[in-house]
1. Select from region B:29-51 the residues that are under 28 Å from B:ARG402 (Cα atoms) and at the interface with chain A (Cβ under 7 Å from one of its Cβ atoms) and write down the one among them that is modelled with the lowest pLDDT.
2. Considering only region A:112-142, state which residues are more than 7 Å from chain B (Cβ to nearest Cβ) and part of a helix (DSSP H, G or I).
3. Yes or no: region A:77-100 includes at least one residue that is within 10 Å of another protein chain (Cβ to nearest Cβ), closer than 19 Å to A:ASN155 by Cβ and of a type in the set (D, E, K, R).
4. Please determine, by comparing only the residues of region A:38-54 that are in contact (Cβ under 8 Å) with a residue 12 or more places away in the chain and more than 9 Å from chain B (Cβ to nearest Cβ), which one is surrounded by the fewest Cβ atoms within 10 Å (Cβ to Cβ).
5. Restricting the search to region B:364-414, which residues are of a type in the set (Asp, Glu) and under 21 Å from the mean Cα position of the chain (by Cα)?
6. Pull up region A:202-218, narrow it to residues that are in a helix (DSSP H, G or I) and of a type outside the set (S, T, N, Q), then point me to the one that is nearest to A:LEU232 (Cα to Cα).
7. Here are A:ARG293, A:ARG268: which of them is outside any loop (DSSP other than H, G, I, E, B) and of a type in the set (D, E, K, R)?
Amino acid sequence: MSQKPKVAFYWCASCGGCEEAVVDLDEAILEVTAAVDVVFWPVALDFKRKDVEAMPERSIAITFLNGAVRTSEQLEMTHLLRRKSQLLVAVGSCAQLGGIPGLANMFDRESILEEVYLLSTATANPERQLPEVRSRENGHTLELPVFFQRVRALNQVVEVDYFIPGCPPTPKMFRTAFETLMGKQRPKKGTVLAPDCALCDECPRKDTKPADLTITRFTRPQQMLVDDQKCLLAQGLLCMGPATRAGCEALCVRGNMVCTGCCGPTSRVRDQGAKILSALSILVQSKEEPEIRSMQASIPDPVGSFYRYSLASSLLRRKRFAGAAKTR
Amino acid sequence: MAEQQQLTAGANRGGRRITIDPITRLEGHGKIEVFLDESGEVERAYFQIPELRGFEKFVQGRPVEEMPQITSRICGVCPTAHHMAATKAIDNVYKLEPPLAAKIIRELIYSTFVVEDHALHFYFLGGPDFVVGPDAPPAERNVLGVIAKVGLETGKKVIAMRSRLRDLMALVGGKAAHPVFGLPGGVAKRFTPEMRKKFQEVAAEAVEFAQFTLRIFEDVVLKNDDYVNLILSDAYTHRTYYMGMVDAHNRLNFYDGMLRVVAPDGREFEKFAPSRYLENIAEHVEPWTYVKFCYLKTVGWKGFKEGMESGVYSVAPLARLNVSDGMATPFAQHAYEQFFSTVGPKPVHHTLANHWARVVELLYAAERMRELADEPALTDEDVRVLPSEKPKEGVGVVEAPRGTLIHHYQTDEDGLVAKANLIVATQNNAARIAMSVEKAAKALIHGDDVPESVLNRVEMAFRAYDPCNGCATHALPGSMPLVIRVQKQDGSTAAVLRRDFYGNVLRE
């Protein structure tokens, strides 16, 4: 009987990128598997849901859970793993903030259903058939999870002990967080396990960011050639660096593209979109309305730019829908 | 559906129900429901995908140049495939022809990604079933079991190879998981001579690694009669159409080309430019799963059936070898010939042969990496063209490791997405996967008392396709319909009330 601590990995409305981050530990994964017993990890191991259900309460030392909560199955698995685990760690933007799937909160369920199953160009569906939570085939009953009206981050449905940010977290971020959790001195519950400063602090181009930076308008990346040494914000590109937590070593910027905000805000900020709005407004030089409007018009998609990863957990949460109140 | 009017909670005709939940060692979520009749034989089996997120809807209103990075979040295992299809689509939205260097860079990083992803499947996902064995205990049937079997030194070599490939991808795309290189008309960064040198070194290692993997497959699988019989067995065989992307000489190309469809009897059925996919591919909806099933439009949807009369088709490694007249690189060509002389003639219909075909493709992708890393124009300074036309509409198609991937966007005048259509790799295989799982279940499950290893052999029926269910169900379905059956004391039905997805209550 192994005395090693038990660890589980699971994914909700997820792309699998956070699982890849673990695989990207490369050889270090052998150290991890030597130190712990992985008891559930559907991408890599053959343990099933019933194996988890059979485990005693709180017998799993740490469950690493990625993905947002979109369906009833994900909600059930989240609650199941919470009961069976001492620590529940939200891994990645989707679990921490709702992630890119959270952009679906701009639409109601019905219009989404209509787009996919009735209006989408290649779909041939004259009977207007939709997937059903319960359906009958050849005398057998088949079930699918309920698709909720909105996307939620993990801590909107269950108590979360720690967060590892990023889309996905880099292998280094994951490894550092893992070592911290396995160590003797754990940080305070609720801590985001990454540096607590803005990305600009660790950006390789930070020395080229002018102290007196001003913006008149933004440029979309396809409209200009991008200098691969200079601060991207200074070049007029919409970079989320000032409102985004550090930890990733600015990999996107090293790819010569802007930061899009995946590590979420620092601990001092409640709403990442509001933070970038206030950071950008400071940079706007003009006080004349036509020029301000021109600057605003140069940002074609504020929600998608400012709340790309965090809409579900922001103060906004979701778009208000016309018509009858729609709850779950 | 008529049968839905007799919904009775939980009850099923006949005998037992076996559930495999969740399916494992693939990307994405799924479960398999197997229904036995009174004599313990499998009556029906269903491969259900319970997940969806709704990309096709929530990308509406997003700037189209953001699509490479937004759609890559459909899948964290194959993000480069979505990133690339999206990048090609936005080239077309702006009617841009990227400079030569940009095209070489794109195909080079793409070939690197295919090597890495195919290796991931062989060693981590599907491979354990063969290397460790389909009947091995669940705790050993995984990459750690593979390492225990092939030895730690070999295991570390595999891990190290993957690591070097991922590092190369990060060199070009910022990071391997959700890379950022794609822009309309080019790529974000030029290639330096130092980068070329790194790619050349790793490409040479990758070719050796691919040959090494092929040898493992030969030693572990092809020399094992039980495995060969498993591959050739009828339980894992379906005679369907096949589709894949080919170059001007009808040889497989992952990055660009025409789409070629071959019939179950091997004749070329269709060959079309990717922009004309709508004339050839349609999607079918079933109420018991969130994935939509692709089929050939001109043949039609005839249900989950194989044969010339059914529009069901397959994509990915086996399909791509079936539709190609050969491979464009020498070692892969030799492996291709060996493949068909062993399990042929063309087309090969044995689903498990996908595992072998995948390693042949791994070798081609590695050789292609080497060719492209040597291209003189790779380090040219010009890697971008700027748009001059107004954005409108574009289709971008690549061969993802798991099959043909189609991104199609329509935008408004400002380049914001008005409509998006995504036909994602595994969707092309969805019907055949469902058929494979049911056929394997019927062949292997007899009676109530089913050993766990038999359930794994049913799972092997989908694993050969290396499915990506997060990809397949990028789409989002609907609300909870509700049926209330009011029963009188004598058990007869007094009324049936149904709430539809608009919230209307109808009395039947």
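1. Going through the qualifying residues, I end up with B:GLU51.
2. A:GLU114, A:LEU118, A:LEU119
3. no
4. A:GLU53
5. B:GLU399
6. In this case the residue turns out to be A:LYS206.
7. A:ARG293 is the lone residue from the list that is outside any loop (DSSP other than H, G, I, E, B) and of a type in the set (D, E, K, R).
One line per residue, one yes/no per condition, for (1) at pLDDT 95 or above; (2) in the same structural domain as B:MET84 (by TED's automatic domain parsing); (3) acidic (Asp, Glu):
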| site | (1), (2), (3) |
| --- | --- |
| B:LYS149 | no, yes, no |
| B:THR154 | no, yes, no |
| B:LYS157 | no, yes, no |
| B:ALA170 | yes, yes, no |
| B:LYS175 | yes, yes, no |
| B:HIS178 | yes, yes, no |
| B:LEU183 | yes, yes, no |
| B:LYS189 | yes, yes, no |
| B:GLU194 | yes, yes, yes |
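The values are calculated or read from the model by the stated rules, or taken from the named source; none is laboratory data. All values reported here derive from a predicted model rather than from experimental measurement. FYI the Cβ positions are ideal-geometry reconstructions off the backbone, even for glycines, and counts take in every protein chain you see.
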